[in-house]
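Every number in this text was worked out from the coordinates using simple rules, so none of it is lab data. For clarity, every value in this text was computed on a predicted model and none was experimentally measured. A quick note on method: Cβ atoms are made from the backbone with ideal geometry, for glycine too, and the neighbour counts reach across all protein chains shown.
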Amino acid sequence: MNQEPKVTVEDIEMSVEALDVQKAADIFEEHGCLVVRGLMAPYIEAIHQDIEAAAAESISLLDKAEQIVEGWRTPNGTLFLPAPEGYERDKQIMVLAIGYQTSAAFFQSALDETTVNLVEAILGPNVEIFGNGQCLYKEPVGGHPKHLHQDSAYFEHRYQGPVGILNYVVDTDLVNGALHVVPGSHKLGQLKHIDTFSHLGLAADEWPWESALPVSGKAGDSIFFNVKTVHGSKQNMSDKPRPIFINRYRRTDDYVIIGGTTTANRAEAEKRAVAAEEAKKSNSDRGLMLRGFRPFDS
């Protein structure tokens, strides 16, 4: 995938003040991504405050971190990766331990009515929340690059899969790690991933950054993307942190069939899925209902 994207940001963006829900859903269907300017603006101040409190807490717990396959995890659940050479610490935050169970503002953002209207237009009438929210926190002066990848490499679903919404907490551009998307890549199906510094990713020689469209934005801007849309972000080369938070939604009948964080544990999950013929959604895998009704399924 060495060609530059033919789609521009203007082709996939709308403003929340002039939002046409059906047109927005059509853009998402065609390109696998959608930008809604200002969608999360009402929640940003409170969420930013909670994120910085969680970051300070996590750094204070770093001496108690345990090493795991993905990096180091502090007792509160934050994931750290090796820091760039010359940084004040030898580890930097990647996935910050904050979500719906720790931040009321984060949870309230997931229930935003305009957002839910858009998600329903994309997924249909019966929608649940997938996961507990996620915050990726690029520390300054290096941060961590997240290679181009599909989220389905981490949680491949039986049906349509989740709609992810990445939200900028601070003004974000090419200096501090704007999201890059590859419009239309969701139509390519599940791609083969390799192990990278930041876990599963696509081979850089096949998927260079030039093949992706960078999306700069203001705090409160939101980027919707299909679970199979190729996306990623470069390092944060500014002198301040660049946090984002993600809300995810899926159909109530959908479920994970293969999950993993490395090629090895994903391969094991693939074997188990084949052996079982088909993964089944359990009660423990259900998310909170966002719209509609969940009928009983024996």
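So, in Å, what gap is there between the alpha-carbon centers of region 21-37 and region 127-202?
17
Just the C-alpha atoms of region 112-177: what Rg/Rh do they give, with Rh taken as the Kirkwood radius?
Numbers: Rg = 14.8 Å, Rh = 14.6 Å.
Using only Cα positions, Rg/Rh for region 112-177 is 1.01.
Kindly write out, for region 51-56 in residue order, the coupling ³J(HN,Hα) from the Karplus curve 6.51 cos²θ - 1.76 cosθ + 1.60 (θ = phi - 60°), rounded to whole Hz, with x marking Gly and Pro.
5, 5, 5, 5, 5, 4
Percentage of Cα-Cα pair distances in region 11-290 greater than 23 Å, rounded to whole percent? Write down the numbers at each step before the final one.
Details: 20679 of 39060 pairs.
Across region 11-290, Cα pairs with separations above 23 Å total 53 percent.
If exposed GluC sites (Glu not before Pro) are those in a DSSP loop with at most 16 other Cβ within 10 Å, what is the longest stretch of the chain that has none? Please report the intermediate quantities before stating the final value.
Numbers: sites that count: Glu70, Glu85, Glu88, Glu206, Glu277, Glu278.
Excluding the exposed sites themselves, the longest stretch runs over 89-205.
Mind checking Rg over Rh on region 131-211, alpha carbons, Kirkwood formula for Rh? Each step should come with its number before you reach the end.
Numbers: Rg = 13.6 Å, Rh = 14.4 Å.
Ratio of gyration radius to Kirkwood radius: 0.94.
Please list 3J(HN,Hα) in residue order for region 36-43, calculated via the Karplus relation 6.51 cos²θ - 1.76 cosθ + 1.60 where θ = phi - 60°; whole Hz, with x for glycine and proline.
Per-residue couplings from phi come out as 10, 6, x, 4, 9, 3, x, 9 Hz.
Please report Thr172, Thr196, Thr252 as a ranked list, fewest other C-beta atoms within 10 angstrom at the top and most at the bottom.
Final ranking by Cβ density, sparse to dense: Thr196, Thr252, Thr172.
Note down the net charge around His31, summing +1 for each Lys or Arg and -1 for each Asp or Glu among other residues with Cβ under 14 Å from its Cβ.
Values: positive: Lys6, Lys23, Lys187, Lys228; negative: Glu10, Asp11, Glu13, Asp26, Glu29, Glu30.
Computed value for this residue: -2.
Quick one: Debye curve from the alpha-carbon atoms of region 148-298 only, equal weights, vacuum; give me log10 I(q)/I(0) at q = 0.16 Å⁻¹ to two decimals.
Log-scaled intensity ratios, in q order: -0.97.
In region 85-240, if every C-alpha pair distance is counted and binned at 10 Å from zero, what percent goes to each bin?
Percent of pairs per bin, in order: 10, 36, 40, 13, 1, 0.
What lysines does Lys280 reach when the alpha-carbon gap must be under 26 Å and sequence neighbours fewer than 8 apart in one chain are set aside?
Cα-Cα hits under 26 Å: Lys187, Lys192, Lys228, Lys271.
Amide H of Ile258: which non-local residues (sequence gap of 5 or more, or other chain) have their own amide H closer than 5 Å, using H built in the peptide plane?
Glu156
If all Cα-Cα distances of region 167-235 are sorted into 5 Å bins from 0 onward, what percent lands in each bin, rounded to whole numbers?
Going out from 0 Å in 5 Å bins, region 167-235 shows 4, 16, 25, 26, 18, 9, 3 percent.
Give the Kirkwood hydrodynamic radius (Å, one decimal) of region 1-108, defined as one over the mean of 1/r across all pairs of different Cα atoms.
Working: mean 1/r = 0.0586 Å⁻¹.
Evaluated over region 1-108, this radius sits at 17.1 Å.
Dividing the convex hull volume of the alpha carbon atoms of region 53-117 by its residue count, what do you get in Å³ per residue?
Details: hull volume 7.5 nm³, N = 65.
In region 53-117, the Cα convex hull volume per residue is 116 Å³.
Among Val9, Val69, which comes first, then next, by fewest other beta-carbon atoms within 10 Å?
On the way: Val9 16, Val69 10.
Going from least to most buried by this count: Val69, Val9.
Can you tell me which lysines have their Cα less than 21 Å from the Cα of Lys240? Leave out same-chain residues fewer than eight positions away.
Partners found: Lys91, Lys138, Lys146, Lys218.
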